[in-house]
1. When the residues of region 83-124 are filtered to those that are within 16 Å of ligand 2 (Cβ to nearest atom) and not in a helix (DSSP H, G or I), which remaining residue is nearest to residue 44 (Cα to Cα)?
2. Could you tell me which residue of region 117-132 is nearest to ligand 1 (Cβ to nearest atom), considering only residues that are more than 20 Å from residue 260 (Cβ to Cβ) and in contact with a strand residue (DSSP E or B) (Cβ under 9 Å, 6 or more places away or on another chain)?
3. Which ones in region 144-164 are surrounded by 23 or more Cβ atoms within 10 Å (Cβ to Cβ) and either assigned to a helix (DSSP H, G or I) or within 12 Å of ligand 1 (Cβ to nearest atom) (or both)?
4. When residues of region 26-41 are filtered for being surrounded by fewer than 20 Cβ atoms within 10 Å (Cβ to Cβ), within 20 Å of residue 305 (Cβ to Cβ) and in contact with a helix residue (DSSP H, G or I) (Cβ under 6 Å, 6 or more places away or on another chain), how many remain?
5. Hey, can you tell me all the residues within region 105-116 that are in contact with a strand residue (DSSP E or B) (Cβ under 8 Å, 6 or more places away or on another chain) and crowded, with 21+ Cβ neighbours inside 10 Å?
6. Here is a list: 56, 52, 62. Which entry is more than 16 Å from ligand 2 (Cβ to nearest atom), touching a helix residue (DSSP H, G or I) at 6+ places or on another chain (Cβ under 9 Å) and more than 21 Å from residue 327 (Cβ to Cβ)?
7. Report the residue count in region 197-233 for those that are surrounded by 13 or more Cβ atoms within 10 Å (Cβ to Cβ) and within 23 Å of residue 154 (Cα to Cα).
8. Can you give me the number of residues within region 12-41 that are in contact (Cβ under 8 Å) with a residue 40 or more places away in the chain, within 16 Å of ligand 2 (Cβ to nearest atom) and either not assigned by TED's automatic domain parsing to the domain that holds residue 309 or not in a strand (DSSP E or B) (or both)?
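The values are calculated or read from the model by the stated rules, or taken from the named source; none is laboratory data. What you see is a predicted model, and the numbers here were worked out from it, not measured in a lab. Every residue, glycine among them, receives a Cβ derived from its backbone with ideal geometry; neighbour counts consider all protein chains shown.
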Ligand code: KG4
Ligand code: ZN
């Protein structure tokens, strides 16, 4: 089966082809980072317009590179939520038009299910598993007994982990999105210089809170001599990253222990973070749990994960009609 995937939930326009015989045949991503950088965050209206301009040319490019016609495909999978509603509508309307034109089945995919199943593009997933979803808009822990079954165990009470990276990067004058810059700069940071708060550590629930971090970082930066020197920035990056990674690891392994799952996974943009991947790998091996970090290209937003998730739905006999709607928020739901 050849499934076309479309992802436009935020600021990346992406199309991909998942072929059940050969895996990901194509994964094209047109980033809008330069467009939004000037504003320090994603401007929804600009994102929608950029998707409108870029999406169909990307689909054309994909078909041309693969020497395929629309009718050679076996389905169209599209992210229909959660995300920026205007951005989602561009992807969804395009997917419907392609499905009608090619007489192809259409399937809507929850963005977070896409991120979770991206792990299967790296190596076959060992299930049941406990999955930590960490992206720009989500921080939650999910129990996954099988593909299509997702039970939310808990999540953040305020900001998402990616938001915490991006907000503190902004305070340091680093470009958007800040996560990759903090990841890189933290490597040169002094581990003993800054210790930022780890709230809720004694709370028995699977909860996170990152909103206080921004204030603590702001106060620390304000106390530094101007102009900021490279070492000061690196030291703050190190402190922030350690605080975020500590909270994430604590709850992931607490949840895995409660559920008794033999495997843990990371999903979403923040799972590209080098320190998080290493810490989870070390702790998983110490506890004898299975863990394979997702390939970095499948951590941040991409359509390969959507095409693959679409293939899982379609091969289980699930498809959507042309009345498929989009939604701005909502938990990943069980469909199996
Ligand atoms: O999953 P994603 O691409 O988009 C959403 O669905 O939100 O995640 C984007 C988030 C951003 O906050 C970005 O700063 C963060 O992932 N991110 C990282 C790294 N790469 C991306 N955070 C920390 N370290 C990284 N290497
Ligand atoms: Zn995402």
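1. The residue in question is 84.
2. 118
3. Within region 144-164, 160, 161, 162, 163, 164 meet the criteria.
4. Number of matching residues: 2.
5. 106, 107, 108, 109, 110, 111, 112, 114, 115, 116, listed by residue number.
6. Within the list 56, 52, 62, the selection yields 56.
7. 14
8. 3
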